[in-house]
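Structure first, then comments.
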Ligand SMILES: [Zn+2]
């Protein structure tokens with residue numbers, strides 16, 4: 001590792017080191033170019049945006065433009081915004097004690113300018129890590145100019161200081177993020193007078209506080225997020241502020257089931273070693289992802305607020321947990337989610353979607369219809385129903401198979417041996433002899449035949465019973 005020289009500790013040392021002030025936009029552009037040259041991922045862990053959102057964001061940074069992200073909930077907007085911090089220098093010099101991170105060689109606040117005039121090169125310098133150069137705020141109706149920009153300090157006023165003197169300002173969030181990235185989430189919810197204040201601050205570099213005009217030439221990358229419909233609604237954002245954003249990046253949900261599954265695998269909550277081993281077969285993950293994709297197309301669900309990737313993640317956690325609960329209750333060593341675990345996702349879905357209309361009673365039906373569609377699509381990717389006809393033919397008379405989410409895997413293995421062809425059919429999706437894996441695959445086959453209208457299904461006392469067609 002290269003030996004790092006001691007960082008300058010005063011303005012004099014800083015100047016002697018050859019340091020030159022740069023704006024945040026120049027700094028980010030320089031660091032982005034370097035990362036691109038090294039072919040280093042700028043937004044690690046962001047899946048499915050490689051050809052869409054990320055190039056837009058990179059172009060905005062190369063252009064020095066403020067950015068607004070338009071997208072529904074759960075589209076990684078906040079994560080991208082926070083990861084932009086990676087494009088800042090590891091540390092930057094600031095005047096020690098300055099409330100707004102003044103550059104030691106180009107201070108803007110009155111206190112620092114007075115101090116530099118009085119103490120010159122001996123003024124001490126601190127080094128601010130990049131993590132501390134990021135601020136964000138959710139726009140809500142109760143935010144005030146004081147919160148966001150600043151207020152006149154009544155104590156300092158009482159001391160007789162001239163009101164428009166910057167010494168009398170109590171700085172708000174944005175000035176405190178000077179030389180950093182400031183994000184406003186759900187920008188259209190910001191009150192109009194705050195939008196005006198924000199615009200003045202960014203464009204005119206001065207701002208009115210309690211009727212006093214105060215000059216505040218901040219250096220900030222402004223980033224915002226908004227729901228696309230709110231953003232395009234006339235009057236939700238004042239036109240000059242809208243024009244101020246040089247770039248719009250439209251985010252989106254994962255376009256493929258594979259991306260949805262990758263995100264689920266990466267984001268689900270993990271626990272320590274406590275509990276049984278868990279194995280989730282690919283088809284179960286795909287059903288969860290497909291369920292979400294179908295929900296995003298459903299006219300019964302409010303698409304304006306969206307169907308977040310967080311639904312996939314939560315449902316994935318739910319089926320794994322139900323499998324763990326079963327394994328522990330039955331004393332089985334391996335937890336493998338299966339079809340009878342799926343009804344449990346009602347709990348993790350219902351809180352995260354909004355239905356069109358007010359008929360909450362329909363919720364259960366909507367969710368089960370979507371599940372059925374998801375199972376059908378995934379099953380028919382693995383199987384051709386025609387090839388399973390010999391299996392279906394055995395379901396005659398009173399012959400039936402019972403399954404349930406609390407039935408031991410050994411019962412399934414016995415069943416599978418009674419039905420010729422079922423074991424072979426499970427091998428299409430299961431390459432393990434472990435009973436828990438077989439049990440899950442056997443249920444998948446039976447349910448697949450049911451959703452393809454080759455077997456009847458009834459529910460009774462917590463049991464699912466598959467029978468032949470009458
Ligand atoms: Zn200062």
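The values are calculated or read from the model by the stated rules, or taken from the named source; none is laboratory data. Keep in mind it's a predicted model, so treat the numbers as computed, not measured. No Cβ is skipped: glycine too gets one built from the backbone with ideal geometry, and neighbour counts run over all protein chains shown.
A few points about this structure:
- Hey, residue 429 within 38 Å of the chain's Cα centre (by Cα) and not in a loop (DSSP other than H, G, I, E, B) or not: no
- Condition met for residue 290 (under 20 Å from the mean Cα position of the chain (by Cα), surrounded by fewer than 16 Cβ atoms within 10 Å (Cβ to Cβ) and either touching a residue at least 24 places away in the same chain (Cβ under 8 Å) or not in a loop (DSSP other than H, G, I, E, B) (or both)): no
- Residue in the stretch 145-167 that is touching a helix residue (DSSP H, G or I) at 6+ places or on another chain (Cβ under 8 Å), closer than 24 Å to residue 213 by Cα, within 12 Å of the ligand (Cβ to nearest atom) and in contact (Cβ under 8 Å) with a residue 12 or more places away in the chain present: yes
- Taken over the stretch 90-105, residues that are near the ligand (Cβ under 7 Å from one of its atoms) and touching a helix residue (DSSP H, G or I) at 6+ places or on another chain (Cβ under 6 Å) amount to 4.
- In the stretch 106-124, of all residues being on the phi < 0 side of the Ramachandran plot and away from the ligand (no atom under 12 Å from the Cβ), the one that is nearest to the chain's Cα centre (by Cα) corresponds to 124.
- With respect to being closer than 19 Å to residue 220 by Cβ, touching a residue at least 24 places away in the same chain (Cβ under 8 Å), in contact with a strand residue (DSSP E or B) (Cβ under 6 Å, 6 or more places away or on another chain) and within 16 Å of the ligand (Cβ to nearest atom), residue 135 falls outside the description.
- Residue 79 vs. criteria in a helix (DSSP H, G or I), modelled with pLDDT under 95 and away from the ligand (no atom under 13 Å from the Cβ): yes
- All of 58, 50 fail the test of being without any contact (Cβ under 8 Å) to a residue 12 or more places away in the chain, over 14 Å from residue 220 (Cβ atoms) and surrounded by fewer than 21 Cβ atoms within 10 Å (Cβ to Cβ), apart from 50.
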